[in-house]
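Presented below is the structure to which this report refers.
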Amino acid sequence: MIVKLPLFFSFFCWIGFSQQTSLKGKVLIDSLPLSDVEVINKQLKTVTYTNSKGEFEILMGENNNLAFFKKGYVFHPVVVDSMLLQKKYIEIKLIKEERQIEEVVISNKKIIPNIKVERQYQERKFTIPDGSIQNGVDFIAVFKLVGKLFKKEKEVRIKPSPVSFLSFVNYNFKPDFLIKTLAIEEKKLNDFLLFCTYDERAQQLANNENVISMLEFLQEKAKEFLEKNN
């Protein structure tokens with residue numbers, strides 16, 4: 001018994017360790033390597049970053065949720081399946097995030113009109129000049145007019161409407177990913193998302209645009225939804 005117990009314990013530990021393996025890969029943008037991409041394994045709570053060649057290495061296990069995230073790019077989730085465990089390599093292509101213009105400024109632009117000064121001709125009189133200008137331009141009136149045109153322009157700022165919870169989820173998560181990750185039937189997916197909207201945190205997370213926190217929220221709500229519908 002003294003010999004067999006350590007052997008059994010070692011064999012058990014080896015099985016547990018063998019369930020995890022190292023995943024190598026590369027992240028690209030338009031066929032070019034992308035550095036400083038955050039690679040997250042939610043289950044193992046490990047994080048790494050791509051190097052200057054877009055390469056990375058991270059531990060993975062079956063059914064783990066991997067996330068590839070970099071600010072300004074569309075969040076890319078991956079579920080580890082048996083095929084990926086065998087291949088041990090993945091190539092990810094991120095795309096740039098298209099954002100709406102956050103603020104539109106409408107200015108009341110004014111164009112300075114051409115000031116025409118008509119020359120008036122009068123009959124010449126031979127008088128002794130006293131230094132005054134006959135029929136001259138009223139420069140005081142001109143400067144007042146120009147001053148009004150250069151007054152501070154009024155700006156009307158139009159703030160964008162916040163992104164709704166449903167729009168945020170549809171933009172960042174594919175239906176196939178949600179169905180597989182949350183274990184919700186495809187026909188019940190819309191009912192589940194509607195169920196989530198009754199939680200005030202749903203819109204708050206959409207406003208914060210935090211993809212990782214949103215994924216955790218969806219997983220939490222999925223458990224509640226399944227318990228109520230089973």
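Things to note:
- Contact annotation: residue pairs with Cβ atoms under 6 Å, 6 or more positions apart or on different chains, pairing a residue in segment 167-196 that is basic (Lys, Arg) with a partner that is surrounded by fewer than 18 Cβ atoms within 10 Å (Cβ to Cβ), are 180/79.
- Selection over segment 78-98 of residues that are closer than 16 Å to residue 59 by Cβ and touching a residue at least 60 places away in the same chain (Cβ under 8 Å) gives a count of 6.
Every number here is computed from the coordinates shown, using simple stated rules; none is lab data. Computed from a predicted model, the values in this text were never measured in an experiment. Every residue, glycine among them, receives a Cβ derived from its backbone with ideal geometry; neighbour counts consider all protein chains shown.
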